[in-house]
């Protein structure tokens, strides 16, 4: 909001503001500022005007996640007023989550994914550009080989379409998943499986805004293999295959063309190194109180689901006391 105020003040003090020749340019500036005001009203102003104890609690949780992960900027505000799922507004320092999230633990690993959006938005040159270069190089080589092998023009056009999707939103979502796995470990992988089972309508479906759930799950598993020897990795893979079998989902013929496993592995390895070089901390049991709580929650839930609600309630009560909110 302070940036928006500064932009408005710069327009008001512009010596050309009263000159008719500049009216069109100033009108476009006015439109952009009006859009900014609308976003502020719908985001942080809306959240802060309804801020309550549950939001304060979740904001403290996000602050702890930031500290554990090595996020050096001021931590975002978190408000439980999303009508959809978790999502972030990096330009507004705001994370929104569903209304009941302050009383449940199993999805909290998604906070790390949302934090990834802040990290990547603020350091895209260091963290995203190398990944985009690798994607471009991979698909340039693939298109070259396909042309030499006599692929049809339509098939080559499809390759170029996938390249464009990777360079757009796909690489950003993959990178946020990789950060969440890097920083939270297997709890994010379990949360992803839970989300797929609850909300996915097509596990192999391709959209322009998000990679397919099946591709994201594979990418998460690849990062998990890189950062730990956690035995739950095998269990996660097994549960994923069980989910595919339960819903009868079959891998489409062109799926590996859109999501080459070799490329996913290369990118996971590179971004893990980039996160470390940027000063972020990978998950290491015993070193992250929130991360350890989420790992413990998933272990408990999987081993004794019937008594999990009482255990979860007690743990959340302890955490609120630790934050001095009760």
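The values are calculated or read from the model by the stated rules, or taken from the named source; none is laboratory data. All of these numbers come straight from a predicted model, not from anything done at the bench. A quick note on method: Cβ atoms are made from the backbone with ideal geometry, for glycine too, and the neighbour counts reach across all protein chains shown.
Here are some notes:
- Test: residue in segment 98-106 that is outside any loop (DSSP other than H, G, I, E, B), closer than 28 Å to residue 166 by Cβ and touching a residue at least 24 places away in the same chain (Cβ under 8 Å): no
- Filtered residue count, segment 189-212, keeping only those that are within 18 Å of residue 107 (Cβ to Cβ) and either in contact with a strand residue (DSSP E or B) (Cβ under 8 Å, 6 or more places away or on another chain) or surrounded by fewer than 23 Cβ atoms within 10 Å (Cβ to Cβ) (or both): 9
- Enumeration of residues in segment 278-293 that are in a helix (DSSP H, G or I) and without any contact (Cβ under 8 Å) to a residue 60 or more places away in the chain: 292
- Answer from 134, 126 - the residue that is in contact (Cβ under 8 Å) with a residue 40 or more places away in the chain, within 20 Å of residue 73 (Cβ to Cβ) and surrounded by fewer than 19 Cβ atoms within 10 Å (Cβ to Cβ): 126
- Out of 274, 263, 293, sole residue that is within 20 Å of residue 206 (Cα to Cα) and modelled with pLDDT of 95 or more: 263
- Complete set of residues in segment 228-256 that are in a helix (DSSP H, G or I), at pLDDT below 95 and in contact with a helix residue (DSSP H, G or I) (Cβ under 6 Å, 6 or more places away or on another chain): 232, 233
- Checked against the criterion of being closer than 30 Å to residue 139 by Cα and surrounded by 16 or more Cβ atoms within 10 Å (Cβ to Cβ), the candidates 263, 294 yield just one match: 263.
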